[in-house]
Amino acid sequence: MARSQGPWSVAARKLLPAMRGWRESFHEEPELANQEHKTREKVVRALRELGLTPTVYPDFTGVLATIGPDRPGPVVALRADMDALPVEEKTGLPFRSKVPGRMHACGHDVHMSCLLGAATLLVRAGPRVKGPVRLLFQPAEEQGEAGGAGPFVERGCLESPKVDFVVGQHVAPEVPAGQIGWKKGPLMAAADRFRIVVRGSGGHAAYPHRGPDAVVAAAEIIVGMQAIVSRARDPVDPVVVSVGMVHGGTRHNILPPEVELEGTVRTFRPETRDAIERLLRTRVRHIAQSLGASARVEYFRGYPVLVNSPPVTERLVGILGEEFGDAQLEELTAPVMGAEDFSRYLEHVPGSFLKLGAGVPGPPANLHSPTFAPPEESLVVGAAALAAAAVGLQER
């Protein structure tokens with residue numbers, strides 16, 4: 001496993017015991033989206049120990065703090081997400097979750113610990129930090145279309161002083177530990193959600209001819225939506241339509257009057273996003289009608305496309321190259337269909353979202369997996385990367 005030797009990395013490695021302690025504390029007591037009350041208390045306590053004055057909200061579990069609020073240089077915001085997932089942990093870690101059915105299966109415990117580590121480095125750096133550094137501890141990233149970034153922006157997290165650049169990162173099991181992945185332009189997809197309620201007549205399963213069958217109509221709809229992807233859009237324009245939930249029926253010999261479907265749509269281009277919604281609504285209704293059933297479609301716009309600013313990303317590559325060496329930076333050649341509400345910040349402020357290497361030898365543990373456990377090297381590299389990014393963007 002490669003180890004970084006730049007000045008921020010050397011300092012971050014000395015902070016590893018503290019970051020390990022934060023990470024273990026967060027990991028042992030995971031909290032779901034918008035319920036991060038104990039997590040907030042831990043973050044606030046750590047920030048106050050650094051001499052900072054965190055801002056908290058009566059109706060929102062985010063935490064905001066600023067290092068050097070009166071400094072004249074550019075304002076850089078650094079973001080970490082806070083929420084866990086409803087996953088039963090199976091890592092076997094000595095600090096595994098103490099809360100049944102909840103786990104930091106997406107690495108947000110690592111993200112918070114890295115940001116606290118970077119904050120410590122930047123506070124200790126003193127006047128080397130030329131401008132304010134805004135620390136954004138954001139709840140509810142996993143919430144879907146109602147994620148925590150939007151409400152945080154509405155509460156002024158990018159204002160007073162106005163933020164010039166924003167940087168975030170996410171652990172990535174597909175990137176080797178010790179490395180950082182980067183990409184200019186679109187990195188992560190827009191994510192929308194749909195809910196479809198299919199109505200038939202219901203009745204005895206032995207007599208399906210006496211009325212439209214909601215189950216058969218729902219099955220045809222599931223298959224028919226895939227033709228939107230394969231036959232109704234440019235094949236070089238990425239689109240995903242997936243059904244993740246199917247609910248209906250109470251007994252093997254009763255045809256239910258109603259079947260409910262829920263799923264997600266992922267796209268990269270605004271015009272494609274609009275077109276897929278129109279096509280999905282139309283096709284679903286037509287398929288249901290062709291079988292004598294009816295269908296109601298609800299469509300919810302979620303996170304927008306995450307687009308890294310090319311100029312800011314180029315600057316970050318240079319900054320991180322000086323800190324880690326070019327060999328530790330991996331240019332990502334293709335975007336991914338996952339989504340992130342860091343995209344909400346990028347709608348207002350130029351910035352870049354990095355992939356923090358968390359891959360280890362052996363079969364990879366995927367994000368949201370009950371066995372996902374980023375290595376400690378991610379803490380060192382993540383804290384050093386955020387500190388280097390903040391100071392570097394202010395100096396150049």
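Taken together, the values in this text are just the output of simple stated rules run on the coordinates, not laboratory data. All figures in this text were calculated on a predicted structure; none of them were measured in a lab. Please note: Cβ atoms are built from the backbone with ideal geometry, for glycine as well, and neighbour counts cover all protein chains shown.
Odds and ends about this structure:
- Radius of gyration and maximum dimension Dmax of the range 80-183, Cα, Å: 16.0, 45
- Computed over every Cα-Cα pair of the chain and binned at 20 Å starting from 0, the pair-distance distribution P(r) comes out as 27, 51, 20, 3, 0 percent.
- Near residue 205, the amide H atoms lying under 5 Å from its own belong to 254, 255; only residues 5 or more places off or on other chains count, and H is placed 1.01 Å from N.
- Neighbour cut-off at most 15 other Cβ (10 Å), DSSP loop, trypsin sites (Lys or Arg not before Pro), the range 1-58: 3
- Residue among 82, 245, 19 with the largest mean-square fluctuation in a Gaussian network model of the chain, springs linking Cα atoms under 10 Å: 245
- Solvent-free Debye scattering, log10 I(q)/I(0), computed from the Cα coordinates of the range 315-396 at q = 0.23, 0.26 Å⁻¹: -1.37, -1.42
- Under a Gaussian network description of the chain, with springs only between Cα atoms under 10 Å, the residue in 253, 34, 366 that fluctuates furthest is 253.
- Relative to the compact-globule estimate of 2.2 N^0.38 Å, the Cα radius of gyration of the range 200-251 comes out at 1.53.
- Three principal axis lengths of the range 253-341 [C-alpha, angstrom, descending]: 66, 32, 19
- Note on residue 223 and residue 98: the extension gain reaches 40.9 nm, defined as 0.36 nm multiplied by sequence separation minus the Cα-Cα distance.
- Helix 37-49 axis, angle to the chain major axis (alpha carbon atoms, nearest 10°): 10 degrees
- Choice from 288, 65, 119 with maximal GNM fluctuation in the chain (Cα, 10 Å cutoff): 288
- Inter-label distance, nm, simple model (7 Å from Cα along the C-beta direction), residue 237/residue 206: 5.2 nm
- Helix 270-290 and the longest principal axis of the Cα set of the chain meet at an angle near 20°.
- Angle in degrees between helix 214-231 and the longest Cα principal axis of the chain, rounded to the nearest 10: 60 degrees
- Applying Stokes-Einstein at 37 °C and 0.692 mPa s to the Kirkwood radius of the range 190-300, computed over alpha-carbon pairs, gives a translational diffusion coefficient of 228 µm² s⁻¹.
- Across the cross-link table entries 14/98; 38/130; 42/98; 14/162; 90/184; 38/183, which are compared at the Cα atoms, the separations over 26 Å belong to 14/98; 38/130; 14/162; 90/184; 38/183.
- Cβ-Cβ FRET estimate between residue 274 and residue 5, R0 fixed at 56 Å, reported to 0.05: 0.70
- For the range 190-300: relative contact order, % (alpha-carbon pairs under 8 angstrom, 6 or more apart): 44 percent
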